[in-house]
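To start, the structure itself, in C-alpha cells.
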Amino acid sequence: MNTYGKLFQVTLYGESHGDAIGVVVDGMIPGTTIDEKRIQDDLMKRQPGAIGTTPRKEEDHFRITSGVYHGYATGAPIHVMIENTNTRSQDYDHLKRHPRPGHADFVQMIKYKGFHDERGGGRSSGRLTAALVAAGSLAKMMIPFHLSHELIQVGTCTDLSHLDDYLKTITEEKDSVGGIIEVRATHMMVGLGEPFFQKLDAEIANMMFSIPAVKGVEIGTGFRGITLKGSQFNDVMIDETGKTKTNHSGGISGGISNGNDLVVRVMIKPTSSIGLPQETYDFEKKDVTTLEIGGRHDVAIARRAGIVLENVLAIVLADAYLMMKAYQG
C-alpha cells in the first residue's frame, strides 16, 4: 500500500501538513556513492517560483538518518526525512464538509471514515512527491542509465516560449490547466522487466499513476500510433545490438527493455484547487452550495512535475535493474 518494489523498495510516509514527510529506501547496493548535493539539486527542480506555481514554498532541507556512512551506502535501509515548515492548515477547515471537485477529499472521507488528515490534502497531496524525488535521486546513483524530462505542452500552449504569458492569463481567470511531460531514459540495456505481471511498461504505468494528478501514461508513440499500420509501427532492427530504425514501442518489447531509448509521456490533469467559485455538494448544509477553496495552489502543477516523473521512473528502473543482476548472478 505504501511500499513499492521487490528488490529496490521505497516506503513513503507523512502528510502534507504533518511534521515531516519522508521515505525509507531499501536495496541500495553497498558501496554506492551517496551524493547529497544531487538529492538537493533534484529537490530544487521541484520547487515553485515560476509563473503558474504555488506561493507555498518549503525549503525542502532533508536529513539522512541511516544507511549512509562516510558517504557510501552501507546496505542498510536509507531513511530520508524532509520537514514541513510552511503550512496554513486553517485554509482547509471548510473542506471537511465541502470537498473539492476532482480532488480526493470526498473519497478519503468515506474510505477512512473521517479519520484521515485532510490538511493540505493529507496523503493525497502532491507535497509527498518531494520524498519520492529524494528516493529517485538515490536510485539514479545506482543505475547506469541516464534520465531526463521535458515539458511538451501546458493546456493549449504548445509553443512554450509563450508559456509565462499563457499562464498569467489562466491565473487571472482563477483557473488551472494540465500538461504533458516526456520522460526519457538513454544508455538502456536489453532485458529489464519480468513478464507476465511485472512487465517494465506495466511497472512504469503503476508508478506513474501513483503520482497525484497523473491521468494518462503512454509508452513510445502510444495513442498516436492508432493511425499507423503494422508495417509503419514495427521497429525494424538495424544491427545485432537490437538498435531499431524507429522507436514507436518506446524501448520496450513484450514488457522487456530492448536497449533503445525508453520514452514515456505522462498527462498531468488541471489542478483541482482553483480560484473560481464552484457549485458543489455541501455535506453540512446537505445541498449544493458555492465552494470557494482559498489556500495556495498551482495553476499548472505540470510545470513542477517533470523531476517527480523522472525520479519515479528511476525507482522503477532500479528495481528492474536489481532483478536483472539477480538473473545474471
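The values are calculated or read from the model by the stated rules, or taken from the named source; none is laboratory data. Here the structure is a predicted model, which is why all the values come from computation and not from measurement. All Cβ positions, glycine included, derive from the backbone under ideal geometry; neighbour counts span all protein chains shown.
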*Identify all residues within the range 65-88 that are surrounded by fewer than 13 Cβ atoms within 10 Å (Cβ to Cβ) and over 20 Å from Asp19 (Cβ atoms); write none if there are none.*
Tyr69, His70, Gly71
*asked:* Take the residues in the range 97-139 that are among the charged types (D, E, K, R), part of a helix (DSSP H, G or I) and over 30 Å from Pro30 (Cα atoms); name whichever of them is modelled with the lowest pLDDT.
replied: Arg119
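On the basis of being buried (at least 20 other Cβ atoms within 10 Å of the Cβ), of a type outside the set (A, V, I, L, M) and modelled with pLDDT of 95 or more, does Asn260 make the cut?
Numbers: buried (at least 20 other Cβ atoms within 10 Å of the Cβ): yes; of a type outside the set (A, V, I, L, M): yes; modelled with pLDDT of 95 or more: yes.
Here the answer is yes, as Asn260 does meet what is asked.
I need the full set of residues from the range 1-14 which are at pLDDT 95 or above and either part of a strand (DSSP E or B) or farther than 21 Å from Ala73 by Cα (or both), in order please.
The first filter runs over the range 1-14 and keeps only residues at pLDDT 95 or above, leaving 2-14.
Result: Asn2, Thr3, Tyr4, Gln9, Val10, Thr11, Leu12, Tyr13, Gly14.
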*Kindly list the number of the only condition in (1) in a helix (DSSP H, G or I); (2) touching a strand residue (DSSP E or B) at 6+ places or on another chain (Cβ under 6 Å); (3) surrounded by fewer than 18 Cβ atoms within 10 Å (Cβ to Cβ); (4) of a type outside the set (D, E, K, R) that fails for Ala326.*
(2)
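Search the range 263-285 for residues being of a type in the set (A, V, I, L, M, F, W, C) and not in a loop (DSSP other than H, G, I, E, B), and hand back the single one that is surrounded by the fewest Cβ atoms within 10 Å (Cβ to Cβ). Full working, then the answer.
Step one: filter the range 263-285 for residues of a type in the set (A, V, I, L, M, F, W, C), giving 263-264, 266-268, 274, 276, 283.
Now narrow it down to the ones that are not in a loop (DSSP other than H, G, I, E, B): 263-264, 266-268.
Working: Val263: 21, Val264: 26, Val266: 29, Met267: 18, Ile268: 28.
It comes out as Met267.
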*Just to be sure, is Glu279 over 29 Å from Asp41 (Cβ atoms) and out of contact with any strand residue (DSSP E or B) (no Cβ under 8 Å at 6 or more places or on another chain)?*
no
_Given the criterion surrounded by fewer than 20 Cβ atoms within 10 Å (Cβ to Cβ), acidic (Asp, Glu) and under 23 Å from Arg100 (Cβ atoms), identify the matching residue among Glu182, Glu173, Glu194._
Glu173
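Can you tell me how many residues within the range 213-248 are in a strand (DSSP E or B) and not polar (S, T, N, Q)?
So in the range 213-248, the residues in a strand (DSSP E or B) come out as 214-219, 237, 244.
Remaining after also requiring not polar (S, T, N, Q): 214-219, 237.
Of the residues in that region, 7 qualify.
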_Single residue of the range 249-262 satisfying the filter (in contact (Cβ under 8 Å) with a residue 60 or more places away in the chain and assigned to a strand (DSSP E or B)) that is nearest to Gly306 (Cα to Cα)_ = Leu262
*Could you look through the range 89-114, keep only residues that are within 24 Å of the chain's Cα centre (by Cα) and charged (D, E, K, R), and pick out the one that is surrounded by the fewest Cβ atoms within 10 Å (Cβ to Cβ)?*
Lys111
*Among the residues of the range 25-49, write down those that are more than 16 Å from the chain's Cα centre (by Cα), of a type in the set (Val, Ile, Thr) and not in a loop (DSSP other than H, G, I, E, B).*
Val25, Thr33
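Residues to consider are Gly52, Gly22; find the one that is of a type in the set (Gly, Ala, Ser) and part of a strand (DSSP E or B).
Details: Gly52 fails: part of a strand (DSSP E or B).
Every option except Gly22 fails the conditions.
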*Among the residues of the range 58-79, how many are of a type outside the set (D, E, K, R), within 20 Å of Asp41 (Cα to Cα) and touching a Ser or Thr at 6+ places or on another chain (Cβ under 8 Å)?*
6
